[in-house]
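S.K.: The structure's right below; bear with me while I get my questions together.
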Amino acid sequence: MNDHCEAACSGNTSVNSLTDKIPGWNEELELAFSAYKGPYVPGRISSRHKTVCDVLIPGTVVQAGISGALQKIGKQPVVGDFVVLLDQPETGSRMVVNILPRRTCLSRGAAGDGGGEQIIAANLDTIFIVTSVGKDLNLRRLERYLAIVYSSGARPVILLNKIDLEDNPTQVVEKIQSIAGIVPVVPLSALSKTGLDALSPYLKPGETVALVGSSGVGKSTLINSLLGETVQKTGGIREDDEKGRHTTTVRQMFPLPNGAVLVDNPGIREIQLGDSAEGLEKAFSEIVDAARNCKFKDCTHRDEPGCAVLKAVEDGLISEERLASYHRLTEELIFQTKKAEIGLKRLEKERYKQIAVDIKKYKKFTGKQ
Ligand SMILES: Nc1nc2c(ncn2[C@@H]2O[C@H](COP(=O)(O)OP(=O)(O)O)[C@@H](O)[C@H]2O)c(=O)[nH]1
Ligand SMILES: [Mg+2]
Ligand SMILES: [Zn+2]
(Lines give C-alpha, C1' and ligand atoms only; values in the text may rest on other atoms or scores of the structure.)
(Ligands and ions follow the chains in the order given, each with its own letter.)
Protein backbone atom coordinates (compact mmCIF):
# COMPACT_ATOMS: atom_id res chain seq x y z
CA MET A 1 0.00 0.00 0.00
CA ASN A 2 1.49 3.33 -0.97
CA ASP A 3 1.31 6.42 1.19
CA HIS A 4 -1.34 8.06 -0.89
CA CYS A 5 -3.68 5.10 -0.67
CA GLU A 6 -3.09 4.70 3.01
CA ALA A 7 -4.01 8.32 3.65
CA ALA A 8 -7.08 8.09 1.47
CA CYS A 9 -8.23 4.83 3.00
CA SER A 10 -7.74 5.90 6.57
CA GLY A 11 -9.55 9.16 5.73
CA ASN A 12 -12.54 7.17 4.56
CA THR A 13 -12.59 4.94 7.57
CA SER A 14 -12.60 7.93 9.82
CA VAL A 15 -15.58 9.51 7.99
CA ASN A 16 -17.49 6.26 8.19
CA SER A 17 -16.79 5.70 11.81
CA LEU A 18 -17.65 9.30 12.71
CA THR A 19 -20.97 9.30 10.81
CA ASP A 20 -21.93 6.42 13.05
CA LYS A 21 -20.89 8.21 16.18
CA ILE A 22 -21.76 11.86 15.54
CA PRO A 23 -25.20 12.06 13.91
CA GLY A 24 -25.11 14.27 10.83
CA TRP A 25 -21.33 14.13 10.39
CA ASN A 26 -20.38 14.13 6.71
CA GLU A 27 -17.45 14.48 4.33
CA GLU A 28 -17.66 18.26 4.18
CA LEU A 29 -17.30 18.43 7.93
CA GLU A 30 -14.51 15.90 7.78
CA LEU A 31 -12.69 18.15 5.32
CA ALA A 32 -13.23 21.22 7.49
CA PHE A 33 -12.01 19.32 10.53
CA SER A 34 -8.93 17.92 8.77
CA ALA A 35 -7.16 21.25 9.42
CA TYR A 36 -6.95 20.29 13.09
CA LYS A 37 -4.17 18.08 14.26
CA GLY A 38 -3.13 17.09 17.75
CA PRO A 39 -5.34 17.24 20.83
CA TYR A 40 -8.50 18.19 18.93
CA VAL A 41 -11.64 16.11 18.61
CA PRO A 42 -14.82 16.77 16.62
CA GLY A 43 -18.17 16.94 18.37
CA ARG A 44 -21.75 18.18 18.15
CA ILE A 45 -23.50 20.47 20.64
CA SER A 46 -26.44 18.54 22.08
CA SER A 47 -27.47 21.05 24.70
CA ARG A 48 -26.42 24.56 25.54
CA HIS A 49 -26.31 26.00 29.05
CA LYS A 50 -25.20 29.46 30.02
CA THR A 51 -21.45 28.92 30.06
CA VAL A 52 -21.04 25.25 29.22
CA CYS A 53 -22.21 22.95 26.46
CA ASP A 54 -23.05 19.27 26.39
CA VAL A 55 -21.10 17.92 23.46
CA LEU A 56 -21.62 14.63 21.70
CA ILE A 57 -18.23 13.14 20.86
CA PRO A 58 -17.63 9.63 19.53
CA GLY A 59 -18.89 7.25 22.15
CA THR A 60 -20.13 9.66 24.80
CA VAL A 61 -21.45 13.09 25.82
CA VAL A 62 -19.08 15.45 27.63
CA GLN A 63 -19.33 18.94 29.07
CA ALA A 64 -17.12 21.64 27.65
CA GLY A 65 -16.52 25.32 28.14
CA ILE A 66 -16.33 27.91 25.37
CA SER A 67 -12.92 29.34 24.53
CA GLY A 68 -12.28 32.98 25.32
CA ALA A 69 -11.19 33.56 21.73
CA LEU A 70 -14.55 32.37 20.39
CA GLN A 71 -16.43 34.51 22.86
CA LYS A 72 -14.32 37.52 22.01
CA ILE A 73 -15.32 37.36 18.35
CA GLY A 74 -18.95 36.87 19.35
CA LYS A 75 -19.25 33.30 18.05
CA GLN A 76 -21.56 31.25 20.23
CA PRO A 77 -21.99 27.53 19.74
CA VAL A 78 -25.66 26.53 19.58
CA VAL A 79 -27.56 23.24 19.65
CA GLY A 80 -26.81 21.30 16.48
CA ASP A 81 -23.43 22.91 15.87
CA PHE A 82 -20.52 20.73 14.82
CA VAL A 83 -17.54 21.94 16.78
CA VAL A 84 -13.84 21.48 17.37
CA LEU A 85 -13.02 20.49 20.94
CA LEU A 86 -9.67 20.99 22.58
CA ASP A 87 -9.28 17.98 24.80
CA GLN A 88 -6.69 18.31 27.55
CA PRO A 89 -6.67 15.10 29.56
CA GLU A 90 -3.84 16.36 31.80
CA THR A 91 -6.04 19.14 33.20
CA GLY A 92 -9.31 17.32 32.58
CA SER A 93 -10.61 20.40 30.76
CA ARG A 94 -12.44 20.47 27.48
CA MET A 95 -13.03 23.58 25.45
CA VAL A 96 -15.00 24.39 22.31
CA VAL A 97 -12.45 26.24 20.20
CA ASN A 98 -14.22 26.53 16.86
CA ILE A 99 -17.53 26.04 15.10
CA LEU A 100 -17.48 24.17 11.79
CA PRO A 101 -19.42 25.72 8.87
CA ARG A 102 -23.19 25.69 9.43
CA ARG A 103 -25.47 24.16 6.81
CA THR A 104 -28.64 25.87 8.04
CA CYS A 105 -29.34 28.39 10.79
CA LEU A 106 -32.47 29.13 12.72
CA SER A 107 -32.05 32.63 14.06
CA ARG A 108 -33.97 35.12 16.05
CA GLY A 109 -34.51 37.93 13.57
CA ALA A 110 -32.35 41.04 13.58
CA ALA A 111 -34.32 41.99 16.65
CA GLY A 112 -34.73 45.51 17.93
CA ASP A 113 -32.38 46.05 20.80
CA GLY A 114 -28.83 46.33 19.69
CA GLY A 115 -29.45 44.75 16.31
CA GLY A 116 -27.65 41.74 14.95
CA GLU A 117 -29.14 38.32 14.63
CA GLN A 118 -28.90 35.63 17.23
CA ILE A 119 -28.63 32.06 16.08
CA ILE A 120 -30.58 29.58 18.18
CA ALA A 121 -30.04 26.24 16.44
CA ALA A 122 -27.88 25.08 13.56
CA ASN A 123 -27.68 22.34 10.97
CA LEU A 124 -31.37 21.45 11.09
CA ASP A 125 -32.42 19.52 7.98
CA THR A 126 -36.15 19.53 8.61
CA ILE A 127 -38.39 21.49 10.94
CA PHE A 128 -41.69 19.91 11.96
CA ILE A 129 -44.22 22.67 12.53
CA VAL A 130 -46.57 20.91 14.93
CA THR A 131 -50.18 21.97 15.26
CA SER A 132 -53.24 20.12 16.50
CA VAL A 133 -56.89 19.84 15.61
CA GLY A 134 -59.30 22.05 17.48
CA LYS A 135 -58.70 25.50 18.84
CA ASP A 136 -54.94 25.57 18.39
CA LEU A 137 -55.33 25.42 14.65
CA ASN A 138 -54.55 28.87 13.33
CA LEU A 139 -53.69 29.26 9.65
CA ARG A 140 -52.23 32.74 10.14
CA ARG A 141 -49.85 31.47 12.77
CA LEU A 142 -48.83 28.62 10.47
CA GLU A 143 -48.01 31.12 7.70
CA ARG A 144 -45.72 32.92 10.11
CA TYR A 145 -43.98 29.72 11.12
CA LEU A 146 -43.57 28.80 7.46
CA ALA A 147 -41.86 32.10 6.66
CA ILE A 148 -39.48 31.70 9.59
CA VAL A 149 -38.67 28.07 8.82
CA TYR A 150 -38.09 28.80 5.13
CA SER A 151 -35.63 31.53 6.00
CA SER A 152 -33.63 29.12 8.16
CA GLY A 153 -32.80 26.98 5.14
CA ALA A 154 -34.38 23.89 6.72
CA ARG A 155 -37.22 21.99 5.01
CA PRO A 156 -40.63 22.72 6.59
CA VAL A 157 -43.18 19.95 7.21
CA ILE A 158 -46.50 20.59 8.94
CA LEU A 159 -47.75 17.95 11.38
CA LEU A 160 -51.43 17.93 12.27
CA ASN A 161 -51.53 16.15 15.62
CA LYS A 162 -54.39 14.73 17.73
CA ILE A 163 -56.39 13.45 14.77
CA ASP A 164 -57.88 10.90 17.19
CA LEU A 165 -60.02 13.81 18.41
CA GLU A 166 -61.24 14.78 14.94
CA ASP A 167 -64.07 13.22 12.92
CA ASN A 168 -62.88 14.55 9.60
CA PRO A 169 -59.10 14.96 9.59
CA THR A 170 -58.94 15.00 5.76
CA GLN A 171 -60.95 18.18 5.71
CA VAL A 172 -58.59 19.83 8.20
CA VAL A 173 -55.56 18.69 6.19
CA GLU A 174 -57.08 20.26 3.06
CA LYS A 175 -57.66 23.50 4.92
CA ILE A 176 -54.01 23.63 6.00
CA GLN A 177 -52.81 22.57 2.56
CA SER A 178 -54.55 25.64 1.10
CA ILE A 179 -51.96 27.86 2.76
CA ALA A 180 -49.06 25.41 2.77
CA GLY A 181 -48.42 25.18 -0.98
CA ILE A 182 -45.94 22.40 -1.66
CA VAL A 183 -45.16 21.86 2.03
CA PRO A 184 -46.34 18.39 3.12
CA VAL A 185 -49.09 18.22 5.75
CA VAL A 186 -48.98 15.01 7.80
CA PRO A 187 -52.00 13.99 9.92
CA LEU A 188 -51.11 11.87 12.96
CA SER A 189 -51.76 11.08 16.56
CA ALA A 190 -48.69 11.17 18.77
CA LEU A 191 -50.62 9.69 21.67
CA SER A 192 -52.14 6.69 19.88
CA LYS A 193 -49.09 6.43 17.60
CA THR A 194 -51.00 6.51 14.34
CA GLY A 195 -49.57 8.04 11.18
CA LEU A 196 -46.02 8.14 12.55
CA ASP A 197 -44.73 6.04 9.64
CA ALA A 198 -45.25 9.00 7.33
CA LEU A 199 -42.43 10.76 9.18
CA SER A 200 -39.78 8.18 8.32
CA PRO A 201 -38.61 9.93 5.12
CA TYR A 202 -37.50 12.84 7.31
CA LEU A 203 -35.98 10.71 10.03
CA LYS A 204 -33.30 8.88 8.08
CA PRO A 205 -29.90 8.27 9.65
CA GLY A 206 -27.92 11.47 9.99
CA GLU A 207 -30.95 13.76 9.61
CA THR A 208 -31.57 16.46 12.20
CA VAL A 209 -35.18 17.42 12.81
CA ALA A 210 -36.50 20.11 15.15
CA LEU A 211 -40.05 20.38 16.44
CA VAL A 212 -41.71 23.76 16.84
CA GLY A 213 -45.24 24.81 17.72
CA SER A 214 -47.34 26.22 20.53
CA SER A 215 -47.33 24.71 23.97
CA GLY A 216 -49.77 21.81 24.28
CA VAL A 217 -49.84 20.68 20.65
CA GLY A 218 -48.03 17.46 21.53
CA LYS A 219 -44.34 17.99 20.68
CA SER A 220 -43.03 16.19 23.75
CA THR A 221 -45.56 13.38 23.33
CA LEU A 222 -44.35 12.93 19.76
CA ILE A 223 -40.70 12.84 20.81
CA ASN A 224 -41.51 10.20 23.43
CA SER A 225 -43.48 8.15 20.90
CA LEU A 226 -40.72 8.30 18.30
CA LEU A 227 -38.06 7.39 20.84
CA GLY A 228 -40.22 4.67 22.33
CA GLU A 229 -39.49 5.92 25.84
CA THR A 230 -40.39 8.84 28.06
CA VAL A 231 -37.60 11.35 27.82
CA GLN A 232 -39.75 14.45 27.88
CA LYS A 233 -42.40 15.41 30.40
CA THR A 234 -45.77 16.07 28.79
CA GLY A 235 -49.09 17.60 29.62
CA GLY A 236 -48.78 21.30 30.09
CA ILE A 237 -45.59 21.27 32.11
CA ARG A 238 -43.75 24.34 31.03
CA GLU A 239 -40.53 22.61 30.18
CA ASP A 240 -40.14 24.95 27.25
CA ASP A 241 -40.18 28.02 29.41
CA GLU A 242 -36.64 29.12 30.08
CA LYS A 243 -37.72 31.00 33.17
CA GLY A 244 -40.18 28.38 34.38
CA ARG A 245 -39.67 26.49 37.59
CA HIS A 246 -40.11 23.18 35.82
CA THR A 247 -37.29 23.86 33.41
CA THR A 248 -35.36 20.68 32.87
CA THR A 249 -33.43 21.17 29.69
CA VAL A 250 -34.11 23.48 26.82
CA ARG A 251 -33.21 22.94 23.21
CA GLN A 252 -31.96 19.47 23.66
CA MET A 253 -30.98 16.89 21.07
CA PHE A 254 -32.45 13.40 21.29
CA PRO A 255 -30.71 10.82 19.12
CA LEU A 256 -33.00 8.18 17.63
CA PRO A 257 -31.67 4.60 17.54
CA ASN A 258 -31.29 4.78 13.73
CA GLY A 259 -28.93 7.77 13.83
CA ALA A 260 -31.40 10.58 13.22
CA VAL A 261 -31.68 13.36 15.80
CA LEU A 262 -34.65 15.24 17.21
CA VAL A 263 -34.41 18.72 18.72
CA ASP A 264 -37.24 19.80 20.96
CA ASN A 265 -38.37 23.39 20.88
CA PRO A 266 -35.46 25.42 19.58
CA GLY A 267 -37.17 28.51 20.98
CA ILE A 268 -39.05 29.59 17.90
CA ARG A 269 -41.84 31.10 20.00
CA GLU A 270 -39.93 34.27 20.61
CA ILE A 271 -38.65 34.59 17.09
CA GLN A 272 -39.52 37.76 15.23
CA LEU A 273 -39.88 37.64 11.51
CA GLY A 274 -36.73 39.73 11.54
CA ASP A 275 -34.97 39.46 8.25
CA SER A 276 -37.10 36.67 6.86
CA ALA A 277 -37.91 38.49 3.61
CA GLU A 278 -36.83 35.49 1.61
CA GLY A 279 -38.81 33.14 3.81
CA LEU A 280 -41.89 35.30 3.42
CA GLU A 281 -41.56 35.15 -0.36
CA LYS A 282 -41.37 31.38 -0.27
CA ALA A 283 -44.30 31.08 2.15
CA PHE A 284 -46.42 33.22 -0.17
CA SER A 285 -45.02 32.02 -3.48
CA GLU A 286 -48.37 32.19 -5.31
CA ILE A 287 -48.61 35.91 -4.49
CA VAL A 288 -45.01 36.52 -5.52
CA ASP A 289 -45.66 34.63 -8.78
CA ALA A 290 -48.77 36.65 -9.57
CA ALA A 291 -46.95 39.90 -8.70
CA ARG A 292 -44.60 39.40 -11.65
CA ASN A 293 -47.45 40.56 -13.87
CA CYS A 294 -48.27 43.71 -11.90
CA LYS A 295 -48.06 46.89 -13.95
CA PHE A 296 -45.76 48.64 -11.48
CA LYS A 297 -42.54 47.04 -10.28
CA ASP A 298 -43.00 48.46 -6.77
CA CYS A 299 -46.70 47.53 -6.63
CA THR A 300 -47.90 47.01 -3.05
CA HIS A 301 -50.99 45.09 -4.21
CA ARG A 302 -53.39 47.33 -2.30
CA ASP A 303 -55.08 49.62 -4.80
CA GLU A 304 -52.73 50.11 -7.74
CA PRO A 305 -54.15 49.92 -11.26
CA GLY A 306 -52.98 46.89 -13.22
CA CYS A 307 -52.25 44.88 -10.07
CA ALA A 308 -52.15 41.22 -11.05
CA VAL A 309 -52.42 40.08 -7.43
CA LEU A 310 -55.68 41.96 -6.84
CA LYS A 311 -56.91 40.54 -10.14
CA ALA A 312 -56.07 37.01 -8.95
CA VAL A 313 -58.02 37.69 -5.74
CA GLU A 314 -60.95 38.97 -7.81
CA ASP A 315 -60.83 35.83 -9.95
CA GLY A 316 -60.84 33.66 -6.83
CA LEU A 317 -57.33 32.27 -7.48
CA ILE A 318 -55.89 33.79 -4.30
CA SER A 319 -57.99 34.18 -1.16
CA GLU A 320 -58.51 37.57 0.47
CA GLU A 321 -57.27 36.15 3.77
CA ARG A 322 -54.01 35.07 2.16
CA LEU A 323 -53.39 38.53 0.74
CA ALA A 324 -54.32 40.17 4.07
CA SER A 325 -51.92 37.84 5.85
CA TYR A 326 -49.17 38.67 3.34
CA HIS A 327 -49.75 42.39 3.90
CA ARG A 328 -49.70 41.98 7.67
CA LEU A 329 -46.46 39.98 7.69
CA THR A 330 -44.80 42.31 5.19
CA GLU A 331 -45.61 45.26 7.44
CA GLU A 332 -44.24 43.40 10.42
CA LEU A 333 -41.05 42.70 8.50
CA ILE A 334 -40.63 46.38 7.59
CA PHE A 335 -41.29 47.35 11.20
CA GLN A 336 -38.74 44.86 12.54
CA THR A 337 -36.11 45.97 10.04
CA LYS A 338 -36.62 49.62 11.02
CA LYS A 339 -36.51 48.74 14.68
CA ALA A 340 -33.24 46.88 14.15
CA GLU A 341 -31.76 49.88 12.35
CA ILE A 342 -32.79 52.22 15.18
CA GLY A 343 -31.35 49.73 17.66
CA LEU A 344 -28.03 49.74 15.83
CA LYS A 345 -27.91 53.54 15.75
CA ARG A 346 -28.66 53.69 19.46
CA LEU A 347 -25.96 51.16 20.15
CA GLU A 348 -23.49 53.29 18.21
CA LYS A 349 -24.51 56.38 20.17
CA GLU A 350 -24.07 54.54 23.45
CA ARG A 351 -20.63 53.42 22.36
CA TYR A 352 -19.61 57.00 21.62
CA LYS A 353 -21.01 58.12 24.96
CA GLN A 354 -18.93 55.47 26.68
CA ILE A 355 -15.82 56.60 24.83
CA ALA A 356 -16.48 60.19 25.92
CA VAL A 357 -16.83 59.05 29.55
CA ASP A 358 -13.59 57.08 29.28
CA ILE A 359 -11.75 60.09 27.87
CA LYS A 360 -13.03 62.25 30.75
CA LYS A 361 -11.88 59.67 33.30
CA TYR A 362 -8.51 59.45 31.60
CA LYS A 363 -8.07 63.22 31.65
CA LYS A 364 -9.01 63.34 35.30
CA PHE A 365 -6.57 60.57 36.04
CA THR A 366 -3.70 62.22 34.19
CA GLY A 367 -4.63 65.64 35.51
CA LYS A 368 -5.05 67.01 31.97
CA GLN A 369 -7.99 69.28 31.19
N1 LIG B 1 -55.87 13.10 22.27
C2 LIG B 1 -54.58 13.35 22.06
N3 LIG B 1 -53.88 14.02 22.98
C4 LIG B 1 -52.58 14.24 22.75
C5 LIG B 1 -51.93 13.79 21.57
N6 LIG B 1 -50.64 14.19 21.64
C7 LIG B 1 -50.49 14.85 22.80
N8 LIG B 1 -51.65 14.88 23.48
C9 LIG B 1 -51.88 15.49 24.81
O10 LIG B 1 -51.73 16.89 24.71
C11 LIG B 1 -51.17 17.40 25.92
C12 LIG B 1 -49.93 18.24 25.63
O13 LIG B 1 -48.94 17.42 25.09
P14 LIG B 1 -47.37 17.77 25.15
O15 LIG B 1 -46.66 16.68 24.44
O16 LIG B 1 -46.95 18.08 26.55
O17 LIG B 1 -47.34 19.11 24.29
P18 LIG B 1 -46.11 20.12 24.04
O19 LIG B 1 -46.34 21.28 24.93
O20 LIG B 1 -46.23 20.51 22.60
O21 LIG B 1 -44.84 19.40 24.32
C22 LIG B 1 -50.89 16.20 26.80
O23 LIG B 1 -51.93 16.06 27.73
C24 LIG B 1 -50.86 15.05 25.82
O25 LIG B 1 -51.23 13.82 26.41
C26 LIG B 1 -52.70 13.08 20.61
O27 LIG B 1 -52.23 12.65 19.56
N28 LIG B 1 -54.02 12.90 20.91
MG1 LIG C 1 -43.27 19.96 25.49
ZN1 LIG D 1 -49.73 44.27 -7.48
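The values are calculated or read from the model by the stated rules, or taken from the named source; none is laboratory data. Predicted, not measured: the structure shown is a model, and the values here were computed from it. FYI the Cβ positions are ideal-geometry reconstructions off the backbone, even for glycines, and counts take in every protein chain you see. The area values use the complete protein model at the heavy-atom level, side chains included, leaving out ligands, DNA and RNA. Shrake-Rupley method; radii C 1.70, N 1.55, O 1.52, S 1.80 Å.
S.K.: Setting aside same-chain residues fewer than 8 positions from residue 282, which lysines have a Cα under 20 Å from its Cα?
M.R.: Excluding near neighbours in sequence, the set is 175, 297.
S.K.: A follow-up question, please. Roll a 1.4 Å probe over the protein chains and send me the accessible area per residue for region 23-99 in Å².
M.R.: Values: 3760 Å² over 77 residues.
It amounts to 49 Å² per residue over region 23-99.
S.K.: Sort 75-82, 140-147, 63-70 for me by packing, meaning the mean count of neighbouring Cβ atoms within 10 Å per residue, highest on top. Show your work: numbers first, answer last.
M.R.: Working: 75-82: 23.5, 140-147: 20.8, 63-70: 15.5.
Ranked from most to least packed, the peptides come out as 75-82, 140-147, 63-70.
S.K.: Give the residue from 308, 294, 335 lying farthest towards the positive end of the charge dipole for region 277-342; charges sit on Cβ (+1 for Lys and Arg, -1 for Asp and Glu) and the dipole is referred to the Cα centre.
M.R.: Result: 335.
S.K.: How many angstrom separate the Cα center of region 44-64 from the Cα center of region 288-310?
M.R.: Result: 50 Å between the Cα centres.
S.K.: Oh, and also: First measure r as the distance between the Cβ atoms of residue 50 and residue 194, then evaluate 1/(1 + (r/R0)^6) with R0 = 56 Å and state the FRET efficiency to the nearest 0.05. Can you show the working numbers first?
M.R.: Working: r = 40 Å, r/R0 = 0.71.
Computed FRET efficiency for residue 50 and residue 194: 0.90.
S.K.: Scan around residue 130 for amide H atoms under 5 Å from its own, H built in the peptide plane at 1.01 Å from N, and keep only partners 5 or more places away or cross-chain.
M.R.: Close amide H contacts, sequence-distant or interchain: 159, 212, 213.
S.K.: For a quick protection proxy, order the peptides 86-98, 149-161, 323-335 by their average other-Cβ count within 10 Å, most packed first.
M.R.: Packing proxy ranking, top to bottom: 149-161, 323-335, 86-98.
S.K.: With the cut-off at 21 Å, tell me which of the pairs 50/219; 50/75; 21/193; 50/72; 21/204; 162/219 have Cα atoms farther apart than that. Intermediate results must be reported in sequence, preceding the final value.
M.R.: Numbers: 50/219 24 Å; 50/75 14 Å; 21/193 28 Å; 50/72 16 Å; 21/204 15 Å; 162/219 11 Å.
In this structure, 50/219; 21/193 exceed 21 Å between Cα atoms.
S.K.: Considering only protein heavy atoms, what per residue accessible area in square angstrom results for region 277-342 with a 1.4 angstrom probe? Provide the component values of the computation, followed by the final result.
M.R.: Numbers: 4180 Å² over 66 residues.
Value returned for region 277-342: 63 Å² of accessible area per residue.
S.K.: Whole-Hz Karplus ³J(HN,Hα) for region 289-298, in order, using 6.51 cos²θ - 1.76 cosθ + 1.60 and θ = phi - 60°, x for Gly and Pro?
M.R.: 4, 4, 5, 4, 9, 5, 5, 9, 4, 9
S.K.: Rounded to the nearest 0.05, what FRET efficiency do residue 141 and residue 167 give with R0 = 30 Å and r taken as the Cβ-Cβ distance? Could you check? Mind showing how you got there, number by number?
M.R.: Details: r = 23 Å, r/R0 = 0.77.
The value I calculate is 0.85.
S.K.: Moving to a separate point now. Once phi is turned into θ = phi - 60°, what whole-Hz ³J(HN,Hα) does the Karplus curve with 6.51, -1.76 and 1.60 give for every residue of region 318-331, x standing for Gly and Pro?
M.R.: After applying 6.51 cos²θ - 1.76 cosθ + 1.60, I find 10, 7, 4, 4, 4, 5, 4, 5, 4, 4, 4, 5, 5, 4 Hz.
S.K.: On the protein heavy atoms, probe 1.4 angstrom, tell me the percent of accessible surface of region 23-99 carried by carbon and sulfur.
M.R.: Numbers: 2110 of 3760 Å².
So the carbon and sulfur contribution to the accessible surface is 56 percent.
S.K.: Still on this structure, please answer the following. Stokes-Einstein diffusion coefficient for region 23-99 at 20 °C in a medium of 1.002 mPa s, Rh from the Kirkwood formula over Cα pairs: what value in µm²/s? Don't skip to the end; give the middle numbers.
M.R.: Details: Rh = 12.5 Å.
Answer, rounded: 172 µm²/s.
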